[in-house]
Amino acid sequence: MRNALGLMLASFVTAVLITGVWFWTSSPRADAAPPQTVAARAADPLPAPAAAKPAPKDDVEITAGLSKPAPALAPAPAAFPAPLPVRPAATCANPDALGVSRVVVIDTTGGPGFGFLQYKQFDFLTDKEVVLTFDDGPWPTTPAVLKALADECTKGLFFPVGKHTTYHPEILKQVAAAGHTIGSHTWSHAHLDSKKMTEPQMREEIEKGFSAVKMALGTAPAPFFRFPGLGHTQAALGYLASRNISMFSVDVDSNDFKSSGPDQVIQNVMTKLDKQGKGVILMHDLQKHTALALPTLLRRLKAGGYKVVQMRAKEQLETLPEYDAMLVKDQKTPAVASRPISSVVQTVSQ
C-alpha cells in the first residue's frame, strides 16, 4: 500500500514537471520585447546602438535652436531694411484715407524714363496704380495742395521751377517736410527743345534748377527731371543720362492749366484714367483750379479703387559746384549756411 502511494506521488510530481516545462517553452514571455528596444538600453554593451543614440538628440537640439533668435542673424535688418512705412496709423487721422499703397526706389543710373507718352522702357505700375506729380511750384497755392495730400495721407512727386524756388523757399521746405519727393523742372521753365536753345544754355537750365532746389532745402534733390512742355531733344536726353538723372513724362494729363474750373480738372483726370487704368498723373501745384479740385479728386481715386505709388530715388543728385556758385552769385546769398544757427543767433533774455 505504502509502495503504491509512493508510486502515485512520484507519477504526479513527474506530470507536474513535464507540464511546467511545456508551458514555459511554448507560451509568450511577459518580459519579451523587440530586440531594438532591449539594445537601446543604456546598459547594453553593444557599440552600434550606443553610437547611434546621440544623433537624434543632436538633431532635435539644432532644430530647436533655429526657432530661437540667433545672435548671428541680428545684423540682417541693417542689410535688408523693413519695407518703407505707408500710412502709419499714428500720423494719419483719416481711417479711410487714400494713403500710399507702396513706395518704390528708383536707380537712376543711365537716366531711365517714366511716363508712357514718351518713355516706354519701364512699365512698373500695376492695374489701378497711379503716381501723383506736380509741376511749376513752389507757389502760394502749393500749401493748399499739401493740405489735400496730407488729409488723405498720401504722397506726390514735385518738379519745382528754380526761379520759383528762390521766390518761395519756405514753401518748398514744407513740401520736403511733408515727405514728398522733390526733383526739378529747369531753372526758368525754358523749353529745351527750342531751336534757339544752345547746348550750354540747356545744361545751365537743367543744372541751375537742381542747384536752386538744393539752395532752398540745404540738401540735395532727387535726380528726377521733367522737361517743360515735355519738349526734349536727343542732346538733352544724352546729357541727363550722363548725369544719371531720371526723366519723367506723363500718362494722364490733367490739362489743369487750361481747364475752366476744378470740376473740369477732375473730369479730365478720371476720364483718361478710367480708360487707361493706371499711370503717372500730371498736375500743377501753382494752378488754383488744381488746389481746389484735389480734395475731391483724391476721394474719387479712392472710390474708384485706385492706389498711389510714391517714387523715391536710390541716391540723391550731387549738384555741380560751378552751377551752385553761379546761382549764389546771381542771388547774392549763400547757398547753404556755413555756420550752425546756434553760433549766429543766441537767446540772452527770455
Given that compact globular proteins tend to follow 2.2 N^0.38 Å, what is the ratio of the alpha-carbon Rg of segment 202-350 to that value?
-> 1.35
SASA check, Arg300, accessible area w/ 1.4 Å probe, all protein chains in place, rounded to nearest 10 Å², comes out at 110
What nm value, rounded to one decimal, do you get for the distance between Glu170 and Thr271 when each label is placed 7 Å out toward the C-beta?
-> 4.0
Using the Cα atoms as the points, what is the convex hull volume per residue of segment 143-184 in Å³?
-> 56
For segment 124-166, what log10 I(q)/I(0) values come out of the Debye formula at q = 0.17, 0.21, 0.31 1/Å, with one point per alpha carbon and no solvent?
-> -0.55, -0.75, -1.11
Table column - 3J(HN,Hα) (Hz), segment 255-261, Karplus curve with 6.51, -1.76, 1.60, x for Gly and Pro | 6, 5, 6, 10, 7, 7, x
Filter on Lys288/Lys314; Lys128/Lys208; Lys208/Lys314; Lys120/Lys208 - keep pairs with C-alpha separation over 31 Å = Lys288/Lys314; Lys128/Lys208
Once phi is turned into θ = phi - 60°, what whole-Hz ³J(HN,Hα) does the Karplus curve with 6.51, -1.76 and 1.60 give for every residue of segment 205-219, x standing for Gly and Pro?
-> 4, 5, 6, 5, x, 5, 5, 5, 5, 4, 4, 6, 8, x, 8
In whole Hz, what ³J(HN,Hα) sequence does segment 147-153 give by Karplus (6.51, -1.76, 1.60; θ = phi - 60°), x for Gly and Pro?
-> 5, 4, 5, 5, 4, 9, 6
What are the residues whose amide H is under 5 Å from the amide H of Glu129, where those residues sit 5 or more places off or on another chain and H is modelled from the backbone?
-> Gly279, Lys307
D_trans [Stokes-Einstein, Kirkwood Rh over alpha-carbon pairs] for segment 157-252, 4 °C, 1.567 mPa s, µm² s⁻¹ = 97
Long-range amide H partners of Ala313, meaning residues 5 or more apart or on another chain whose placed amide H is closer than 5 Å, are Ile106
Write down the radius of gyration of segment 96-227 and its Dmax, each obtained from C-alpha positions, in Å.
-> 15.3, 51
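The values are calculated or read from the model by the stated rules, or taken from the named source; none is laboratory data. Computed from a predicted structure; not experimentally measured. All Cβ positions, even for glycine, are placed from backbone atoms using ideal geometry, and neighbour counts span all protein chains on display. With ligands, DNA and RNA removed, areas are computed over all heavy atoms of the protein, side chains included. Shrake-Rupley method; radii C 1.70, N 1.55, O 1.52, S 1.80 Å.
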